[in-house]
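Below is one structure, written out as structure tokens; comments come after it.
The values are calculated or read from the model by the stated rules, or taken from the named source; none is laboratory data. Treat the numbers as computed from the prediction; the structure is a model and nothing was measured. Cβ placement follows ideal geometry from the backbone for every residue including glycine, while neighbour counts extend to all protein chains displayed.
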Amino acid sequence: MESKTEALQRVEQFLKQEKSRRMFERYQTIRLYLLGHDYSQIATSIGRSEYTVKNIFAPTGSMDWMVCR
């Protein structure tokens with residue numbers, strides 16, 4: 001498993017390359033989470049509900065899906 005610093009660098013690379021607004025928002029959410037923001041802060045920052053933010057990490061509560069990218 002990669003460290004938070006490595007994961008943050010990887011997410012920032014994805015942000016620079018992403019063209020889809022939906023995926024950009026997801027990466028932005030993950031970046032804020034890695035920087036230590038809680039769900040309510042992230043929701044306010046990106047203009048989504050806390051429920052939506054939590055669903056990005058569902059069902060495992062982790063970022064294992066990033067391995068596929």
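Applying a threshold of 9 Å to beta carbon distances and a minimum spacing of six or more residues, or different chains, the list of pairs starting in the range 46-69 at a residue that is under 11 Å from I30 (Cα atoms) and ending at one that is modelled with pLDDT under 55 and surrounded by fewer than 11 Cβ atoms within 10 Å (Cβ to Cβ) reads K54/G61.
Condition check ((1) at pLDDT below 90; (2) surrounded by 11 or more Cβ atoms within 10 Å (Cβ to Cβ)) across all residues:
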{"site": "M1", "(1), (2)": "yes, no"}
{"site": "L8", "(1), (2)": "yes, yes"}
{"site": "T29", "(1), (2)": "no, yes"}
{"site": "L32", "(1), (2)": "no, yes"}
{"site": "Q41", "(1), (2)": "no, yes"}
{"site": "Y51", "(1), (2)": "no, no"}
{"site": "I56", "(1), (2)": "yes, yes"}
{"site": "S62", "(1), (2)": "yes, no"}
